[in-house]
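Notes follow the structure.
The values are calculated or read from the model by the stated rules, or taken from the named source; none is laboratory data. Owing to the predicted nature of the structure, the values given are computational and were not obtained by experimental measurement. Quick reminder, even Gly has a Cβ in these numbers, built from the backbone with ideal geometry, and neighbours come from all protein chains shown.
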Amino acid sequence: MKLRIVGAKDASDNEQGFVKAFKISFAKFKESLKDHKKRTIFITLVVIFLAWWVTGAFVQFVMEDEISFAPGDCIIETFFYPLSLILWLVICGSSAMCIMRWSRMLHKDYIIDERTGTKISVNDNTYGSAHFMDEKEKQKYLEMDKDVNKIAKPILGIDEKKRVCARDDTVRFTNSNVIIFGPPGSGKSVCIINNDVLQAVKAGQSIIVVDTKGAVYKDTAYVGEKAGYNVKIFNTKPDEVQYSDACDILANIKYDNTRQGINKAKGIAASIVNIIMEQTHNERDKGSIWYTGAQNLLTALILIVKWDQTIPENKRTLGKVYEILVEQKNYTSIEATYGDIASQKGHPAYEAWQTFSGSTPIVKESVYGGLMTSLYFMSSEDVREILSNEEISFSAPGFEKCIYYIVIPDNDNTNKVLSTLFIEQLFRALTSAADSMEEAGEMRLPVTVNFEIDEAKQVGKLSMFVEKLSSVRSRGINIKTVFQDLSQVKQLYPNDEWRTVISDCTTMIVLRIGNDNDFAEYISRRLGGFTYYEENESYNENVADPIHLHESYGVRGGRGQRALMTPQELQGNGTKGLKDEELLVIINGAGVTRLDMFMWWLHPYYKLLHLDNIKTKRFTKHRTPEWSKRMYGGISGDTANTSLSDLTQPQEHKNGIKKISLSQENSGSVRPERRPYEENVNGRKVVKAKSLRR
């Protein structure tokens with residue numbers, strides 16, 4: 001048997017291990033003392049021990065010549081003299097009374113909300129358990145730091161400790177979908193959309209932005225360009241279509257004669273046709289013979305064009321389909337030209353064509369006329385061009401860093417169908433690309449793609465949107481949808497589908513409610529109620545006792561029910577009301593939190609954007625896309641190019657961008673002064689004040 005000799009090194013290791021174990025045990029002990037009951041029991045035991053020790057020492061001092069202060073000797077001595085037991089009971093009783101009074105004074109079964117001053121009961125949930133996030137919940141659900149450079153995810157706002165907060169979407173049983181409510185002028189662009197674009201660039205992610213009037217493009221496109229992003233703009237404003245980059249809206253339909261390929265092509269064609277028909281018809285028209293007839297005719301023509309080998313591949317577009325309808329002039333000519341082709345079994349258009357051609361001549365003529373009316377938005381040659389040239393790749397954002405701006409008008413629905421078609425094809429291409437990554441080990445896009453669907457009501461209803469919200473996270477796609485109020489969600493997704501849309505978003509952000517009483521009631525109910533604690537003081541004075549020897553004073557506590565935030569407070573009324581510069585963040589499974597808005601001029605990249613005001617701005621009309629250059633001539637690209645070096649380290653740019661650490665002065669609750677900038681108007685330089693809210 002071999003004996004192991006413990007050397008100095010082993011002894012040192014053992015000693016260090018003992019110290020480490022002791023520190024861990026002591027830390028656990030300190031943590032357990034945070035519980036009020038455990039703390040009271042511990043103090044009681046300590047007092048009993050001290051009472052024994054003091055009693056034993058006192059008895060020795062009185063009754064004996066020698067005194068031992070050893071705890072064991074003192075405790076033993078208390079059992080030899082009756083006086084010592086009486087003294088011990090007196091000490092313990094007095095101490096117990098003090099402990100009980102101390103316990104009642106320090107143990108408050110309520111917490112005080114720092115922002116509102118409301119006393120919220122922590123142990124009694126009789127009337128509800130709604131609450132504002134405490135520090136523990138914030139640590140679980142949020143990423144927080146006073147240095148904004150350390151926050152990589154989309155910024156939510158600034159908390160009461162001046163920390164920048166972002167949503168931690170890695171928490172189990174949550175998703176990264178966000179729904180935002182904010183009326184016009186509430187700051188959606190300056191505190192959310194613009195920040196999200198800059199944060200996506202910072203994280204190296206792609207982002208698709210629905211941009212009302214092109215304001216976000218003007219403010220943020222420069223950063224993307226200098227960071228090496230593929231920046232594209234799909235402009236649906238009727239008077240600016242000629243400045244838009246183009247896409248092939250039928251690009252996802254691939255010529256493939258296998259059964260799987262044909263079925264996939266028919267499904268994509270049907271979805272495109274459904275979008276066009278839904279956006280160009282009233283609800284009462286759906287289901288009519290003319291409505292379904294137009295669906296079948298357009299579906300058949302799309303598949304005929306995509307399978308026609310006599311047409312050059314780059315010409316098999318939706319524009320070509322419209323040209324066929326115009327050139328043929330009536331259904332009879334269409335039937336004579338394409339009827340034999342589409343009537344062949346095995347052709348992708350066979351079923352749709354047979355359904356259409358089975359109608360009477362009168363019905364078919366009416367269907368043709370109705371379809372031409374539905375496609376009136378394509379009567380513009382520029383619209384046909386931006387739907388028929390593949391300058392924008394639908395799948396590229398999942399594989400390279402891209403920013404796509406979808407510019408929509410805020411007061412014209414003429415081209416509303418274009419934005420819906422574009423977004424739908426993006427979703428389809430990206431999910432299909434993610435699914436194709438299965439062989440690589442994970443059905444997820446290499447580059448995360450963020451959708452910022454601002455003014456979702458203007459974009460229109462997206463098909464199977466609930467299913468998209470439920471399934472895209474695993475594919476590396478995040479969706480943020482913005483509405484002005486609850487009524488817009490209900491109109492766009494009726495029959496309780498709106499409830500599913502909201503519940504599929506883990507995070508809800510409410511910027512401001514205004515005078516919408518119904519919406520205020522909904523949010524108040526969503527936040528829930530809580531059990532509050534209220535103290536009442538009473539003071540009685542005896543008039544026959546002028547020197548106040550027998551006056552009485554008492555404090556009584558009671559509990560009641562209260563909404564976490566009343567509709568009036570949500571509308572900004574009262575001392576506890578939601579302020580204009582605040583927002584609410586509601587996370588499923590957690591409490592609500594009130595944050596100050598993080599204005600985008602606090603972002604480190606903002607300085608880069610405004611090093612040279614006019615040169616760093618991008619205007620939707622100051623560009624000529626490739627298709628427009630071929631048709632009309634002109635210079636491709638932005639007219640205001642700069643010679644700044646590429647953006648590699650945004651927080652340490654050579655032009656002086658420094659890391660920003662938030663303080664009380666730049667917390668976002670105070671607006672900066674209006675900044676003037678120059679703009680060319682009819683060849684003249686005009687100085688304008690920058691609008692700080694949109």
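Would you confirm whether or not the stretch 375-393 contains a residue that is in contact with a Leu (Cβ under 9 Å, 6 or more places away or on another chain), under 30 Å from residue 214 (Cα atoms), assigned to a helix (DSSP H, G or I) and basic (Lys, Arg)? Among the residues of the stretch 375-393, at least one is in contact with a Leu (Cβ under 9 Å, 6 or more places away or on another chain), under 30 Å from residue 214 (Cα atoms), assigned to a helix (DSSP H, G or I) and basic (Lys, Arg), which makes the answer yes. If you check 331, 368 for being under 22 Å from residue 387 (Cβ atoms), modelled with pLDDT under 95 and assigned by TED's automatic domain parsing to the domain that holds residue 265, only one passes: 368. No other residue among 299, 337 is part of a helix (DSSP H, G or I) and more than 46 Å from the chain's Cα centre (by Cα) apart from 337.
Do we have residue 379 as at pLDDT below 95 and surrounded by 23 or more Cβ atoms within 10 Å (Cβ to Cβ) here? No: the conditions fail for residue 379. Quick check: is even one residue across the stretch 259-281 under 18 Å from residue 372 (Cα atoms) and outside any helix (DSSP H, G or I)? Within the stretch 259-281, one or more residues are under 18 Å from residue 372 (Cα atoms) and outside any helix (DSSP H, G or I).
Checked against the criterion of being touching a residue at least 60 places away in the same chain (Cβ under 8 Å) and either over 30 Å from residue 274 (Cβ atoms) or touching a Cys at 6+ places or on another chain (Cβ under 8 Å) (or both), the stretch 233-251 has at least one qualifying residue.
Among the residues making up the stretch 430-454, those that are in contact (Cβ under 8 Å) with a residue 60 or more places away in the chain and surrounded by fewer than 19 Cβ atoms within 10 Å (Cβ to Cβ) are 432, 447.
In the set (1) part of a loop (DSSP other than H, G, I, E, B); (2) modelled with pLDDT of 95 or more; (3) farther than 30 Å from residue 351 by Cα, the condition left unmet by residue 250 is number (3).
Summed over the stretch 460-504, the residues that are part of a helix (DSSP H, G or I), in contact with a helix residue (DSSP H, G or I) (Cβ under 8 Å, 6 or more places away or on another chain) and of a type in the set (Lys, Arg) give a count of 3. Evaluate the following for residue 466: is it farther than 21 Å from residue 195 by Cα, of a type in the set (A, V, I, L, M, F, W, C) and within 20 Å of the chain's Cα centre (by Cα)? Spelling it out, residue 466 is indeed farther than 21 Å from residue 195 by Cα, of a type in the set (A, V, I, L, M, F, W, C) and within 20 Å of the chain's Cα centre (by Cα).
Figure legend. Inter-residue proximity from the stretch 360-379: first residues closer than 23 Å to residue 249 by Cα, second residues buried (at least 21 other Cβ atoms within 10 Å of the Cβ) and among the hydroxyl-bearing types (Ser, Thr, Tyr), beta-carbon distance below 6 Å, spacing 6+ or different chains. Indicated pairs: 368/331; 375/322; 378/322. Only residues that are within 21 Å of residue 203 (Cα to Cα), surrounded by 19 or more Cβ atoms within 10 Å (Cβ to Cβ) and among the hydroxyl-bearing types (Ser, Thr, Tyr) were counted in the stretch 135-190, giving 3.
Give the residue, chosen from 227, 269, 265, 221, that is in contact with a Pro (Cβ under 7 Å, 6 or more places away or on another chain) and modelled with pLDDT of 90 or more. First the steps, then the outcome.
Values: 227 fails: in contact with a Pro (Cβ under 7 Å, 6 or more places away or on another chain); 269 fails: in contact with a Pro (Cβ under 7 Å, 6 or more places away or on another chain); 221 fails: in contact with a Pro (Cβ under 7 Å, 6 or more places away or on another chain).
Being in contact with a Pro (Cβ under 7 Å, 6 or more places away or on another chain) and modelled with pLDDT of 90 or more holds for just one of 227, 269, 265, 221, which is 265.
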